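A.B. asks: Below you'll find the structure I mean.
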C-alpha cells in the first residue's frame, strides 16, 4: 500500500537543493484514509486534489497559463521532465513557480544549467488530463 500511496499522492519536491526531499499531498492522503472509516468500503485511489472547490479555478488558470509545457508533459511521457529553466524573474519563471506551488509539477533533477520539472504523481497527471479534457 505504501508504494501505491507514493505513486498516487507522493513525489512533491519544493527543495531546490535536494530533489530527493519529497512530501505527500496531505489533502489527498487524508481523503484516502477517510474512506477506511466507512464500513464495507474498499479504499479507492481517487483524484481528491482537484475536487477542492476553491482550488479548481486557480488550478485551471495556472494550467492554461502554462499550457504548452503541461500538455506536452501529460501527452508525451507522464511523470517525466517538463522543461529546464534558469532561475530568473521573467514571466515564464513566475508561471513555473506558480505551477510548482500549486502542485502541478515537482522538481525532478537539479543540473548546473537549470532545474528539470515533471508531474509528481498519478493524481496530478489525471487531474491535468481532466483540465485539458484529454481523458
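A.B. asks: Scan segment 107-135 residue by residue and report those that are over 12 Å from residue 50 (Cβ atoms), modelled with pLDDT of 80 or more and surrounded by fewer than 24 Cβ atoms within 10 Å (Cβ to Cβ).
C.D. replies: Within segment 107-135, 107, 122 meet the criteria.
A.B. asks: Being modelled with pLDDT of 90 or more and surrounded by 15 or more Cβ atoms within 10 Å (Cβ to Cβ) narrows it down to one residue among 22, 4; which is it?
C.D. replies: Result: 22 is the single residue among 22, 4 that is modelled with pLDDT of 90 or more and surrounded by 15 or more Cβ atoms within 10 Å (Cβ to Cβ).
A.B. asks: Between residues in segment 18-32 that are closer than 15 Å to residue 101 by Cα and residues that are surrounded by fewer than 17 Cβ atoms within 10 Å (Cβ to Cβ) and at pLDDT 90 or above, which pairs lie under 6 Å by C-beta distance while being six or more apart or on different chains?
C.D. replies: The qualifying pairs do not exist here.
A.B. asks: Which residue is surrounded by the most Cβ atoms within 10 Å (Cβ to Cβ), if the candidates are limited to segment 27-44 and must be modelled with pLDDT of 90 or more and under 15 Å from the mean Cα position of the chain (by Cα)?
C.D. replies: 28
A.B. asks: Please enumerate the residues belonging to segment 8-26 that are under 11 Å from the mean Cα position of the chain (by Cα) and closer than 14 Å to residue 47 by Cα.
C.D. replies: Scanning segment 8-26 gives 8, 9, 10, 24, 25.
A.B. asks: I would also like to ask the following. Using the structure shown, decide if residue 64 is within 17 Å of the chain's Cα centre (by Cα), at pLDDT below 85 and in a helix (DSSP H, G or I).
C.D. replies: Yes; evaluated as a whole, the condition is true for this residue.
The values are calculated or read from the model by the stated rules, or taken from the named source; none is laboratory data. This structure is a prediction, so every number in the text was calculated from the model and none was measured. All Cβ positions, even for glycine, are placed from backbone atoms using ideal geometry, and neighbour counts span all protein chains on display.
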